[in-house]
1. Label-point separation (nm) for residue 168 and residue 93, each offset 7 Å from Cα along Cα-to-Cβ?
2. Under 5 Å between amide H atoms, partner at least 5 residues away or on a different chain: which partners does residue 63 have, H built in plane at 1.01 Å?
3. Taking the C-alpha atoms of segment 117-157, how large are the radius of gyration and the largest Cα-Cα span, Dmax, in Å?
4. Which order do 117, 93 take when ranked by solvent-accessible area (1.4 Å probe, heavy atoms of all protein chains), largest first?
5. Taking θ as phi - 60°, what are the ³J(HN,Hα) couplings along segment 114-130 by the Karplus curve (6.51, -1.76, 1.60), each to the nearest whole Hz, with x for Gly and Pro?
6. For segment 125-145, list residues with backbone N below 17 Å from a point placed 7 Å from the Cα of residue 48 toward its Cβ?
7. Working from the pairwise distances between different alpha carbons, so that the mean of 1/r is found and then inverted, what is segment 74-193's Kirkwood radius in Å?
8. How far apart, in nanometres, would the label points at residue 186 and residue 104 be if each is projected 7 angstrom from Cα along the Cα-to-Cβ direction?
Amino acid sequence: MRKTTNSGGRRALAAAGIALAALVAAAPSSAAGGDRGHGGSAETFQGTCEFSGTLWQHPPLTNVPQPGRAWAAATGVCSGTLTGRKGRVRQLDRARAGYVAQAEGTTSCGGGTAEGDGFIRIAGERIQFRFTEARGPGAGVIQLEGARGGFAHGAARVSDDEDPVRIAQECSGSGLRRVGIQIDLATTPTISG
C-alpha cells in the first residue's frame, strides 16, 4: 500500500503558524505605560471590534459536510473600555487589535458548526476565550465566552475582496483551503479573559 501525504494540509498549518506568530510578535506587550507585572492577561473589555484576516481550513471545505479544523488570524481595531486586572481603566478609540482562533467541527462550504478557543489582543492586553460558530454559506454567527466570564457576539463573513466565482469553483472541486474573512464583534456587556 502506498503511503500518501497531505502537503496542502501541512502548508496550511505552516501558514497558520507563521501568521499566528507574526500577529503575536507584532502586538505590543503593553499599551504605553500600561499595567505591568501580570503578563498582559485576564483583562476586561466592553465595546466593539472589527477585524480582517485569513481563515485556513483542513481538510479543505467542499460542498459535502465533513469533520475538520480551522485556524483564523486577523488584525483590526477595537473601541470601548479596557479595564486591567489592577483596576486601571483605559478608553480606547480604534485601538490596534488582533484576533487568533482555532476550532474543530463538521463544516462544508454550505455551513456547519465549530467550537474552539483563541484570544483577542487589544492595546497590548490579551483576552482568552472559548469559541462557538454556526456557519452558513459565506458567513457565520460567532460567540466568544471569556476565560474569566462575559461574552462577545458577532458575525464572520467572507471578505469583500474575495472572488465568489473562485470560491464556488474550489468548493465544487478540490476544496477551499484558505479564504479572507471579516469579523465584527460586540461585547454583551463585557468579556474577561
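The values are calculated or read from the model by the stated rules, or taken from the named source; none is laboratory data. Quantities reported herein were computed from a predicted structural model and do not represent experimental measurements. Every residue, glycine as well, gets a Cβ built from its backbone with ideal geometry; the counts of neighbours run over all protein chains shown. Protein only, heavy atoms only, side chains kept; ligands, DNA and RNA dropped before computing areas. Shrake-Rupley method; radii C 1.70, N 1.55, O 1.52, S 1.80 Å.
1. A separation of 4.4 nm, rounded to one decimal place.
2. Long-range HN contacts for residue 63: 109.
3. Rg then Dmax for segment 117-157, in Å: 11.1, 34.
4. Descending order: 93, 117.
5. 8, 9, x, 8, x, 8, 10, 10, 10, 6, x, 9, 10, 10, 8, 8, 9
6. 142
7. Details: mean 1/r = 0.0650 Å⁻¹.
About 15.4 Å, per the Kirkwood formula over Cα pairs.
8. Going by the 7 Å Cα→Cβ label model, 3.4 nm.
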